[in-house]
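What follows is a short report on a single structure.
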Amino acid sequence: MLEKLRELGIRDELIREITEYRETYPVEQEYGSRIPKLEQFYYGKEVWEQAITAILCGENILLAGPKATGKSLFAENLAGVFARPRWDVSFHVNMDAASLIGMDTFRGGEVSFRPGPVYTAAKAGGFAILDEINMAKSEAMAVLHATLDFRRTIDVPGYERMELHPATRFIATMNYGYAGTKELNEALVSRFVVIQMPMISKESLIKLIKKHYPDIREEGAGELTFMFLELHKKCENGEISSKALDLRGLLGAVGLMEKGLDIFTALDMGITNKTFDTYEQTLIRDTIRTRISKKMVKKDLFVK
């Protein structure tokens, strides 16, 4: 991973400090399996340098931006680069403070404390990934205020007050405009530094496709990339919704193509059918067909 950062052009000073960070805070053996073994890599020098600097300065990070910008992937990459065990917290309407910190449970004939993911990450020096934080209830997040600010503590009623491990960081992600999302409380936002995640570049998307599917031809990856970026442009202009702007769907569609499925059928399954409005589906299919030749078949896309 550090070698990939060098290839991106990340400053040697930052890479050296990452190495020192890893050496200063070794991970306990029981949590070693939680360190991400990265198979995908986020390409974006500026975002990497911002996030690395923030973590080295002891800050928590909020990754904000629209769909298909790689927020979850980047959060996982950060945990892998810093060699920290990762705990994922996916917010939903029923998530409460006890789900984050922990709760009493009856075990072995007595009541004991069962720690939640935030408590465990804070104790082990891990990275807690707070996914879709703008879907969280305010009362659930209020319990974390002392955890996220300069106090860096967790006070569990009836149990001890715990100081956070010095290596612990919180990385939150948020999308705009999803059902169930809301504006974040100012007090919560003030406890993070915010990185606006840009849309993936043409070069980075081609690299990503080729990383997943090494047998794809450069020209084929380029055509699919131009198609996806054209959909993004239409989404920005309000011509289509963001439902079809699905990077996972694009990669999944390429996998279906590699297995021999018709190219346009695969794109329907991975992209077009993500919206259920027939008029919008027509617009998306028209966009796809302006970029992808109707005569294109598997051998035009893949070497094998």
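Observations
- Largest-first principal axis extents, alpha carbons of the stretch 125-195, Å: 39, 25, 18
- Distance histogram in 5 Å bins (all Cα pairs of the stretch 48-106, percent per bin): 4, 13, 20, 21, 18, 13, 7, 3, 1, 0
- Restraint check, K211/K234; K243/K298; K67/K233; K71/K207; K4/K304, Cα-Cα greater than 21 Å: K211/K234; K243/K298; K4/K304
- DSSP-defined antiparallel bridges as percent of all bridges, the chain, nearest 5: 35
- Calculated from backbone phi, Karplus (6.51, -1.76, 1.60) coupling profile of the stretch 154-160 in Hz, x at Gly/Pro: 10, 10, 8, x, x, 10, 6
- Relative to the dominant Cα principal axis of the chain, helix 12-24 is inclined by about 40°.
- Coarse-grained scattering of the chain at q = 0.07, 0.09, 0.16 Å⁻¹, given as base-10 log I(q)/I(0) from a Debye sum over alpha-carbon atoms: -0.33, -0.53, -1.27
- For the residues M95, M135, a 1.4 Å probe over the protein chains yields an accessible-area ranking, largest first, of M135, M95.
- Dipole of the chain, positive direction: furthest Cα of S112, T265, H212, with charges on the beta-carbon: T265
- Partners for K137 among aspartates and glutamates (Cα-Cα distance below 20 Å; same-chain residues under 8 apart left out): D88, D96, D149, D155, E183, E186
- For F302, the amide hydrogen comes within under 5 Å of the amide hydrogens of R217, counting only partners 5 or more places away or on other chains and with H modelled in the peptide plane.
- Backbone phi angles across the stretch 271-284, fed through the Karplus curve with coefficients 6.51, -1.76 and 1.60 (θ = phi - 60°), yield HN-Hα couplings of 10, 4, 6, 6, 9, 10, 8, 5, 5, 5, 4, 5, 4, 5 Hz in residue order; Gly and Pro are listed as x.
- When only the Cβ of Lys, Arg, Asp and Glu is charged (+1, +1, -1, -1), the dipole of the chain relative to its Cα centre reaches about 840 debye.
The values are calculated or read from the model by the stated rules, or taken from the named source; none is laboratory data. Remember, it's a predicted structure, so these values are computed and weren't measured experimentally. All Cβ positions, even for glycine, are placed from backbone atoms using ideal geometry, and neighbour counts span all protein chains on display. Side chains are part of the model used for accessible areas, which takes the heavy atoms of the whole protein and leaves out ligands, DNA and RNA. Shrake-Rupley method; radii C 1.70, N 1.55, O 1.52, S 1.80 Å.
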